[in-house]
Amino acid sequence: MKSERFFKWMWNFNGLVLFLGISVGILFFGYQITKHLLKEDYVPPQTLNLADDKEDEEKWSLGYPNRIGKSDFYYIPLESEKLSVESRGTVVDSFGGSGSYYTETRSKNALFLNSKTNTSNWLFKSVNQLITNISTISGSEYSNNTKAVAMTYEVINSDTNLDGKFNNFDKRTFAISKIDGSDYVEIIEGYSRIVKSVINTEGELFVIFINNNDVFSMLVNLDTFKVVSKKTLPKVGN
């Protein structure tokens, strides 16, 4: 009886091994065929001659066109396949870090176009910076006016913590421009995070931001793009 049980167990075991081997073989064979077919049908994305690419590393492409409010203006991010940027002769990684408020991007510039006049212009004259956020400022949240009045940007211009990377741990620059990308002005240099930016009832840009462990509030005149008020938020008990 023991020998019969042993041989029965061996038979079942060998059957299981054979089944697993056949299953793995079918999966591997199917994977190879699928990979071959997809490789034949794969069409590499078109690269564009929109900026210098002397080392044939950037492979420039345009991102998704974004309409600016209800105006005739659009902006299109300039994206690169290369996930690095040269800054002062040092190659730095453009990605890294984490945080729900950090938006990874490959944008190194942005093109502004007018669909009515067919004119266009670049936001920057170079590709030596990384744009982590572009936002449209439209009217006051306290009124029904949704007209786009300005653009805001969060830009990494340098490796501020000298870790060899452009990432969530670097200080950023908060800037503003007109909706056509002109009159670009840097409002805040070297901060950790923008908490809120919105137009108040007076038509000024109200910004709350964090720098290190301090929290600030600021008012910006949207006609002159000048800071009219900046304060550190008071601590409890002060």
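The values are calculated or read from the model by the stated rules, or taken from the named source; none is laboratory data. Nothing here was measured: the structure is a model prediction, and the numbers come from that model. When we count neighbours, we look across all protein chains shown, and the Cβ atoms used for this are built from the backbone with ideal geometry, even at glycine. What goes into the accessible areas is simple: the full protein's heavy atoms, side chains included, and nothing from ligands, DNA or RNA. Shrake-Rupley method; radii C 1.70, N 1.55, O 1.52, S 1.80 Å.
What residue, of SER192, SER177, is open to solvent by less than 20 Å² (accessible area, probe 1.4 Å) and of a type in the set (Gly, Ala, Ser)?
SER177
Consider SER197 carefully, then state whether it is closer than 16 Å to GLY139 by Cβ and either of a type outside the set (S, T, N, Q) or assigned to a strand (DSSP E or B) (or both).
Against the criterion (closer than 16 Å to GLY139 by Cβ and either of a type outside the set (S, T, N, Q) or assigned to a strand (DSSP E or B) (or both)), SER197 qualifies.
For the stretch 200-213, give me each residue that is surrounded by 13 or more Cβ atoms within 10 Å (Cβ to Cβ) and farther than 21 Å from THR132 by Cα.
If the condition is that a residue be surrounded by 13 or more Cβ atoms within 10 Å (Cβ to Cβ) and farther than 21 Å from THR132 by Cα, then GLY203, GLU204 are the ones that fit.
Taking ASN161 as the residue in question, decide whether it is more than 19 Å from SER107 (Cβ to Cβ) and either modelled with pLDDT under 85 or in a loop (DSSP other than H, G, I, E, B) (or both).
Considered against the rule, which asks whether it is more than 19 Å from SER107 (Cβ to Cβ) and either modelled with pLDDT under 85 or in a loop (DSSP other than H, G, I, E, B) (or both), ASN161 comes out as yes.
If SER126 satisfies all but one of (1) at pLDDT below 90; (2) surrounded by fewer than 17 Cβ atoms within 10 Å (Cβ to Cβ); (3) closer than 16 Å to SER71 by Cβ; (4) not β-branched (Val, Ile, Thr), what's the number of the condition it fails?
Status for SER126: all satisfied but (3).
Identify all residues within the stretch 162-187 that are touching a Ser or Thr at 6+ places or on another chain (Cβ under 7 Å) and farther than 21 Å from PRO77 by Cβ; write none if there are none.
LYS171
Is it fair to say THR152 is under 20 Å from PHE225 (Cα atoms), free of Cβ contacts under 8 Å to residues at least 24 places away in the same chain and within 17 Å of the chain's Cα centre (by Cα)?
Answer is no for this residue.
Output the qualifying pairs, or none if there are none: Cβ atoms under 9 angstrom, residues six or more apart or on different chains, first residue in the stretch 200-215 and part of a strand (DSSP E or B), second residue polar (S, T, N, Q) and open to solvent by 50 Å² or more (accessible area, probe 1.4 Å).
Pairs that qualify, where the first residue is part of a strand (DSSP E or B) and the partner is polar (S, T, N, Q) and open to solvent by 50 Å² or more (accessible area, probe 1.4 Å), are ASP214/THR232; VAL215/THR232.
Every residue in the stretch 64-91 that is at pLDDT 75 or above, touching a Ser or Thr at 6+ places or on another chain (Cβ under 9 Å) and open to solvent by 40 Å² or more (accessible area, probe 1.4 Å), please.
ASN66, ARG67, LYS70, ASP72, PHE73, TYR74, GLU79
What is the residue count in the stretch 214-238 for residues that are surrounded by 11 or more Cβ atoms within 10 Å (Cβ to Cβ) and acidic (Asp, Glu)?
1
Is it true that THR105 is modelled with pLDDT under 65 and surrounded by fewer than 19 Cβ atoms within 10 Å (Cβ to Cβ)?
For THR105, the condition - modelled with pLDDT under 65 and surrounded by fewer than 19 Cβ atoms within 10 Å (Cβ to Cβ) - is met.
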